[in-house]
Amino acid sequence: MPNERVDAVIIGSGYGGTIPATRLAEAGMRRVVVLERGVRKETRELEQSDALAYQTAVVDLVVSSQNIAFRTGKLVGGASIAMDGAMFRVPRRSFERRDGAGRRHWPERYTPEAMAPYYQRVEEMFGVRHFPWSEIPKAGGMFAKMLARADASCDRARMNYGDCLQCGFCAQGCIYNKKHTLLHTYIPRAERAGAVFRTGCDVRTIERSGALWTVRYLEGAEAKAIDADIVFVAGGGLHTPALLLRSRAAGLAGLNAHVGEHFNHNGELQFFGVLPEGFDDLDRYKCYAGMDNAGLMTWHWFESDDFTLHPGGGIEPTVFAAAVQSSTDARLPRKAWGMEFKRWVESVYPHRVMGFSSLGLADSHHAVTIKPDGSPDVVSRPRESYDRYLDRLEARVQEVSRASGVAIIPGYPRRYSGMTSAHLLAACRMSERAEDGVVDPFGQVWGQRNLYLCDASAIPYALGVNPALTISAVAERVVDGIINPASRMS
Ligand SMILES: Cc1cc2nc3c(=O)[nH]c(=O)nc-3n(C[C@H](O)[C@H](O)[C@H](O)COP(=O)(O)OP(=O)(O)OC[C@H]3O[C@@H](n4cnc5c(N)ncnc54)[C@H](O)[C@@H]3O)c2cc1C
Ligand code: SF4
């Protein structure tokens, strides 16, 4: 039997897949099929549950062979369902970042000015707004107060939440429809224009068939194949490189050696702080209350040291207690076990604990490979440059600790860098020249006609801020270049 034949196949329904699907269908392409391995959960099917089984049904936990767990999307709408709402434009400094040889990581045509119309389009779609102080939870206020004691400024975040109820279950999916996900924005438009989203379709490989692409996938146990003129690979930061590596192993020629290399988790490191007695109105503060992203951030060290800081709630007592284990701070217990330690944790949780994370312009120290079953793995690469970034970051954070009186500890030891990261960038990076990356400046895989890729893995380098808005704006620009070739001149 001949394969099913369509115009476009989109693999994955996160930002990097749904946005091209929407725009191609709206531009009149008749047969646009999105193959998504996950299920579709409507708002009424979401739960406010901390049960691991539920959480891993909403977010894909990919555990590497080095026992580092990364988080990525696994539902229709990808990680837009679980994300924490922060949607920042990338500053000029990030676009202009250069490698050791003095070459820009981003292709030349990516500048704040050239991206502005695409950022604006996405911000309008997701209802992104500058959060007012009246909607910032107390966890954000504590963070601001800590920074004020260290003479550092902070800004209100830009987020895609409307009229948030501060229930604190953002990563489980918002049961109140206050977060504007792809299911609230692009997906209904794509479907109105005729695009079809198929669930439970796990794409295994892609291959060339003359002028067409053949996409091979499993729907349950059944092996299927579909032919298309144009394919977008958009499985997210880990599954996209894994799919290309599987395809190469199955015979797809012409993919270069950069596939999987340069994987970058955006300089993310989690910190916990233990607030001193009398810091504020501590009885009214609970570290887990309020939205997962606490609505603030600081650019204070971005120009000098390349990182931003972002407060967040949702701190689990066990995760916090485990982090104390690695601390050498004299203000904290010396041993992290026994009754005395349990009593100490009870005395500080939840009124004296705070959490925040860094994001920063840090070099890669990982690559994505595949395990024998073809699933993604993350392996180590040289990390001297990354450790220098961490040295700068930790030194600044300790200055804040001394000035504010807040005892600050990293969330995990350095060897686990990347643990729980959801910013999975650059493993199929975009590049100005074919010899430096996987994807050309227009989103087409180098040397592979009509094979496009504009999800998290195409973002060439760390951003220093949360990536969803930029992934979306790049996707808008790439698909605009297909629909309106004249836009490629801008
Ligand atoms: C809990 C959480 C909180 C976050 N908070 C923020 C935030 O506040 N701000 C921000 O900017 N970013 C945030 N992020 C990160 C952001 O959501 C991701 O960077 C973004 O979703 C990546 O988009 P993507 O399209 O590349 O991949 P994804 O959104 O991960 O989508 C990929 C899709 O492809 C599907 N897929 C994968 N492989 C296959 C296959 N072989 N066949 C078929 N389908 C496949 C997956 O099931 C998934 O649905 C968060 C992420 C998580 C998990
Ligand atoms: S905190 Fe706000 S956005 Fe998050 S789940 Fe609750 S209502 Fe939704």
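Values for this structure:
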| read-out | value |
| --- | --- |
| Residue within the range 170-178 that is away from ligand 1 (no atom under 16 Å from the Cβ) and assigned to a loop (DSSP other than H, G, I, E, B) present | yes |
| Residue match in the range 184-205 (condition: in contact (Cβ under 8 Å) with a residue 60 or more places away in the chain, in a helix (DSSP H, G or I), over 30 Å from Ala249 (Cα atoms) and within 16 Å of ligand 2 (Cβ to nearest atom)) | no |
| Candidates Asp280, Asp305, filtered to the one that is among the charged types (D, E, K, R), within 17 Å of Ser404 (Cβ to Cβ) and away from ligand 2 (no atom under 15 Å from the Cβ) | Asp280 |
| Criterion: at pLDDT 95 or above and touching a strand residue (DSSP E or B) at 6+ places or on another chain (Cβ under 6 Å) - qualifying residue of Val128, Val122 | Val128 |
| Single unsatisfied condition, Asn177 versus (1) over 30 Å from Gly437 (Cα atoms); (2) of a type outside the set (Asp, Glu); (3) surrounded by 15 or more Cβ atoms within 10 Å (Cβ to Cβ) | (3) |
| Residue within the range 363-371 that is in contact (Cβ under 8 Å) with a residue 40 or more places away in the chain, closer than 30 Å to Ala249 by Cα and exposed (fewer than 14 other Cβ atoms within 10 Å of the Cβ) present | yes |
| Failed item in (1) away from ligand 2 (no atom under 16 Å from the Cβ); (2) within 21 Å of Ala82 (Cα to Cα); (3) out of contact with any Pro (no Cβ under 7 Å at 6 or more places or on another chain); (4) aliphatic (A, V, I, L, M), with Ala468 passing the rest | (1) |
| Number of the condition not met by Met142 [criteria: (1) in contact (Cβ under 8 Å) with a residue 24 or more places away in the chain; (2) surrounded by fewer than 18 Cβ atoms within 10 Å (Cβ to Cβ); (3) within 16 Å of Ala294 (Cβ to Cβ)] | (2) |
| Restricting the range 278-295 to residues that are charged (D, E, K, R) and touching a residue at least 60 places away in the same chain (Cβ under 8 Å), the residue that is nearest to ligand 1 (Cβ to nearest atom) | Asp292 |
| Pair list, Cβ under 6 Å, 6 or more apart: the range 439-461 residue under 22 Å from Ala486 (Cβ atoms), other residue more than 16 Å from ligand 2 (Cβ to nearest atom) and among the small types (Gly, Ala, Ser) | Val439/Ala458; Phe442/Gly481; Tyr452/Gly443; Cys454/Gly16; Cys454/Gly443; Cys454/Ala475 |
| Condition met for Tyr110 (within 21 Å of the chain's Cα centre (by Cα), touching a residue at least 60 places away in the same chain (Cβ under 8 Å) and more than 14 Å from ligand 1 (Cβ to nearest atom)) | yes |
| Top-ranked residue of the range 222-238 - restricted to ones that are of a type in the set (Gly, Ala, Ser) and crowded, with 24+ Cβ neighbours inside 10 Å, ranked as farthest from ligand 2 (Cβ to nearest atom) | Ala228 |
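The values are calculated or read from the model by the stated rules, or taken from the named source; none is laboratory data. Worth saying up front: this structure is predicted, and the values here are computed from it rather than measured. Cβ sites come from the backbone with ideal geometry, for glycine too, and all protein chains shown count toward neighbours.
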